Amino acid sequence: MSYLELKERAKSAILKALEKIGIKDVKFDVLEPTVEGIGEVTTNVAFTLSKKLKRPPIEMAKEIVGNMEIDPWFKKIEAHPKGYINFWLSYLEYGEALFERVLIRENYGKLDVGRGRKVVIEHTSVNPNKALHIGHARNVVIGDTIGRLMKRAGYNVSILNYIDDTGTQVADVLVGFLYLGFKKDVERKFDQYCGDVVYIEVNKRFEEDPSLIEKRREIIKQLEVGGPIAEVAREIIDRIVREQLKTCWRLGAEYDLLNWESHILRSGYWNEVFSMLKKRDLVEFVKDGKYKGCWVLKGGEGDEKVLVRSDGTTVYAAKDIPYAAWKLGIIEDRFGYEVFAIQPSGKELWTTKPRRDGKDHPIFNNGDIAITVIDVRQSRVQNFVKLAVKGIGGEGKEYMHLGYEVVALSKDTVKELGMLVKEDKEFYHMSGRKGVYVNVDDILDELKKRAIEESKTRNPEEDEEWLNDVGEKIAVGALRYALLKQDLDKIIVFDIKEAMKLEGDTGPYLQYSLARAIRILEKAGGWEFERGLAKYLDEEEERKLVLLLSKYENAMLEAIVNFSPKRLVKYVRELAVAFNSFYEKCPVLQEEDVIRRARLALVATYVKILSDALQVLGIPILERL
RNA sequence: GGUCCCGUAGCUCAGCAUGGAUAGAGCGCCGGCCCUCUAAGCCGGUGGUCGUGGGUUCGAAUCCCACCGGGACCGCCA
């Protein structure tokens, strides 16, 4: 039995009573009470009626309650003096149904809102010239979690990672290797070396020696059309991408396909899309003014965006349109495909090749929905992409920008990086070029170190390998949780000291709670499902837990339809809090007979639901920590 | 200047979509709890003009308007 059904039940009880009284067409809400001790479901029907019939709410409420039929799910229905009608749940019936649903039924937690539909999600898409910093981690974690949620909703999901291998950022690093004598054989993780050393140094040199910028221009040209430099570059970029992927995998994210910008450029997709845009009159050749000689995409209210410069070259944003069209299957697929790597789960990661070769491959595009996960600074460009895609005919196709606010660094953290700060400025935006950022691997390593220290004192008998595994999982759980727990439209001000916490509102809190529950089942020596146990769950803590557990599918559905991982996170946290209270107040293993078995069923239900939720959130599950 | 986002406890944030009862957590601070399934935990206390002013409403943190403060975007850069 789920909470949604419970609400439905209360609603129909009200409707029946209204019918009996002879009242029709009343709008009202069935709500979750916000205060304690007034039942589990409430409704404001008396308020709306009182307005309509000009009678006091309490009078209406009493009349409705007086005309209600007895329902076994509710043990008490009461008209509150303020005018609410409150329903008290019969836990005996409700708990029984919950256990049966969660513990016995197959497919618990699988929804089907997306059945039969394909969604293509692009996330990560980090320039291949540096290691991932904490801002990229927010993108990866949000994108990955949305992917997991959409899969759970029944969608057929493809996860794409776009590699901009022809941009200035890659070219900067290549300038370093080709003209400034940086060595490619280094001890350090290669992406970190490129970002932390080469990229920053090259950008300093640009200021001293502007002729280097000319060299960069030549590199970019070759990257786009091919040439000897492109050959050397490919090896370097490949190495960086593989190192970046290791970090993403660490975070728990896996992909279906890598899309290379150079392949899109060489595919001829742009010309195809451009002529479609022309045909539909969505672009315009400008004859006068500041954009003279350019082709612009027309937005609403005179807004416009240059797509083709007066010299005939396309701008950066123009590449997004053919890519989006490909994702939604609006243009024919002309890529070839091959396997790029095998990921930690064993799943193949594929990559595009510039030309089709007729070999078998999974279908990565043809989405009904394309979701691009990228921060809010790209909103304007993304809106133009959406407009263009809509215009060239994605009938029933939807292009969606899933935007989120950036991760900035706190004043203290910037100070720790050795930079000068202004006293009145509370946070600083990250900058790869200026070296103002914190690498994901460094954060994970530091979290891991702390987790291992703590775990060692609790598990002195465990060896290095065990501690290492647990430490890594705690670190990942902590970071993913920290990046998912707030709303997408909130700037995260990352503070290194704050981020190192493993207590309170954190990922490890959930992992710990689950481990304790698992331990109870373990020590109980197994348990078996049986009917008629719920009636023995009489304690306040037990009831709260039953009620919350029944809201799980509802919480997941909300997270899915709102593209909001946070909603699931908040629910899970609340659930863990309820379990921890139960854990303190209601001993399981010390009890005997029915109470013990009833509590075991409750614990088992919790373990099943929390494990499931943590999987959806990508927070690693630990049986012990 | 235009568009968008944020503003709730000392700090970090829920609650706002769909108005409803006494505005909730974590961190911090103060005080308790390991005889008992893991104390990364639990319980109690502390702490709030919900940015400001108006409006709508029986009822506003929630909806509307104006203003204030902070941020982002607005290039023939990528």
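The values are calculated or read from the model by the stated rules, or taken from the named source; none is laboratory data. Please read all numbers here as calculations on a predicted model, not as lab measurements. Because the Cβ atoms are built from the backbone with ideal geometry, glycine has one as well, and the counts that use them run over all protein chains shown. Note: accessible area is taken over every heavy atom of the protein model, side chains too, but ligands, DNA and RNA are not part of it. Shrake-Rupley method; radii C 1.70, N 1.55, O 1.52, S 1.80 Å.
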So the FRET efficiency between residue A:242 and residue A:623, C-beta based with R0 = 41 Å and rounded to 0.05, is 0.80
Rounded FRET efficiency, nearest 0.05, which uses the C-beta distance separating residue A:38 from residue A:103 and R0 of 35 Å: 0.70
Obtain the radius of gyration and the Kirkwood radius of segment A:334-390 from its C-alpha atoms and give Rg over Rh. 1.08
Return the aspartates and glutamates within reach of residue A:52: Cα separation strictly under 20 angstrom, same-chain partners fewer than 8 residues apart disregarded; answer none if there are no such residues. A:19, A:25, A:29, A:63
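Run the numbers on segment A:279-319 and let me know its relative contact order in percent, using alpha-carbon pairs under 8 Å that are six or more apart.
Details: 58 pairs, mean separation 11.2, N = 41.
In percent, rounded to a whole number, it is 27.
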How much accessible area per residue does chain A have, counting only protein heavy atoms and a probe of 1.4 Å, in square angstrom? 47
Need one number: the % of Cα-Cα pairs in segment A:408-497 sitting beyond the 14 Å mark. 70
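Scan segment A:64-109 for GluC sites (Glu not before Pro) in coil per DSSP, keeping those whose Cβ has at most 14 other Cβ atoms within 10 Å, and list them by number. Provide the component values of the computation, followed by the final result.
Details: sites: A:69, A:78, A:93, A:96, A:100, A:106; in loops: A:69, A:106.
Answer by residue number: A:69, A:106.
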Which shape class, rounded, prolate or oblate, goes with segment A:260-379 when its Cα gyration tensor gives a ≥ b ≥ c as root eigenvalues, a/c under 1.5 marks rounded, and past that a/b bigger than b/c marks prolate? prolate
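Which entries in the list A:415/A:485; A:327/A:485; A:24/A:544; A:7/A:386; A:7/A:54; A:151/A:246 go over 32 Å, if you measure between the two C-alpha atoms of each?
Values: A:415/A:485 26 Å; A:327/A:485 29 Å; A:24/A:544 35 Å; A:7/A:386 38 Å; A:7/A:54 27 Å; A:151/A:246 23 Å.
Pairs exceeding 32 Å: A:24/A:544; A:7/A:386.
Of the heavy-atom accessible surface of chain A (probe 1.4 angstrom), what whole percent is carbon and sulfur? Mind showing how you got there, number by number?
Numbers: 14020 of 29220 Å².
Carbon and sulfur atoms account for 48 percent of the accessible area of chain A.
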If a/c stays under 1.5 just call it rounded; otherwise compare a/b with b/c (prolate if a/b is bigger, oblate if not). Do that for chain A, with a ≥ b ≥ c from the square roots of the Cα gyration tensor eigenvalues. prolate
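Rounded if a/c is under 1.5, else prolate if a/b beats b/c, else oblate: with a ≥ b ≥ c from the C-alpha gyration tensor eigenvalues square-rooted, which is segment A:440-582? Mind dumping the intermediate values first?
Numbers: a/c = 2.54, a/b = 1.23, b/c = 2.06.
Because a/c hits 1.5 or more and a/b fails to exceed b/c, segment A:440-582 counts as oblate.
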The answer for GluC sites (Glu not before Pro) in segment A:431-489 that fall in a DSSP coil and have at most 11 neighbouring Cβ atoms within 10 Å is A:461
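How long are the semi-axes of the equivalent ellipsoid of segment A:507-617, defined as square roots of 5 times the Cα gyration tensor eigenvalues? Whole Å, largest first.
Working: eigenvalues 126, 40, 29 Å².
Semi-axes, largest first: 25, 14, 12 Å.
Given the rule -39500 (n - 2.57) for each run of at least 4 DSSP H residues, summed and divided by the residues of chain A, what is its mean residue ellipticity at 222 nm, to the nearest 500 deg cm²/dmol? Could the numbers behind the result be given before it?
On the way: 23 runs with 302 residues, N = 625.
When only DSSP H runs of four or more count, the value is -15500 deg cm²/dmol.
Could you please put A:429, A:401 in sequence from largest to smallest accessible area, using a 1.4 Å probe?
On the way: A:429 100, A:401 45 Å².
Accessible-area ranking of A:429, A:401, largest first: A:429, A:401.
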Along the charge dipole of chain A, Cβ charges K/R +1 and D/E -1, which of A:300, A:158, A:247 sits furthest on the positive end? A:300
Loop trypsin sites (Lys or Arg not before Pro), segment A:208-291, which have at most 11 other Cβ atoms in a 10 Å radius of their Cβ (DSSP): A:287, A:290
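Hey, if we sort A:539, A:207, A:553, A:63 by accessible area with the 1.4 Å probe, largest down, what's the order? It would help to have the intermediate numbers written out before the result.
Numbers: A:539 90, A:207 155, A:553 25, A:63 60 Å².
The most accessible residue leads, giving A:207, A:539, A:63, A:553.
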Applying 1/(1 + (r/R0)^6) with R0 = 25 Å to the Cβ-Cβ distance of residue A:469 and residue A:341, what FRET efficiency is obtained, to the nearest 0.05? 0.65
Keeping all protein chains in position, work out how much accessible area residue A:274 exposes to a 1.4 Å probe, and write it in Å² to the nearest 10. 20
If I take the Cα coordinates of segment A:398-447 and project them onto the principal axes, what are the three extents in Å, biggest first? 45, 30, 21
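Determine by what factor the alpha-carbon radius of gyration of segment A:37-196 differs from 2.2 N^0.38 Å, reporting the quotient. Numbers along the way, then the final one.
On the way: Rg = 29.7 Å, N = 160, 2.2 N^0.38 = 15.1 Å.
So the Cα radius of gyration is 1.96 times the expected 2.2 N^0.38 Å.
State the dimensionless ratio Rg/Rh of segment A:3-89 (Rg: radius of gyration of Cα atoms; Rh: Kirkwood radius). Before the final figure, lay out each step's value.
On the way: Rg = 11.7 Å, Rh = 12.7 Å.
Checking Rg against Rh, the ratio lands at 0.92.
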Please arrange A:334, A:567, A:516, A:355 by accessible surface area, largest first, computed with a 1.4 Å probe and ligands excluded. A:355, A:567, A:334, A:516
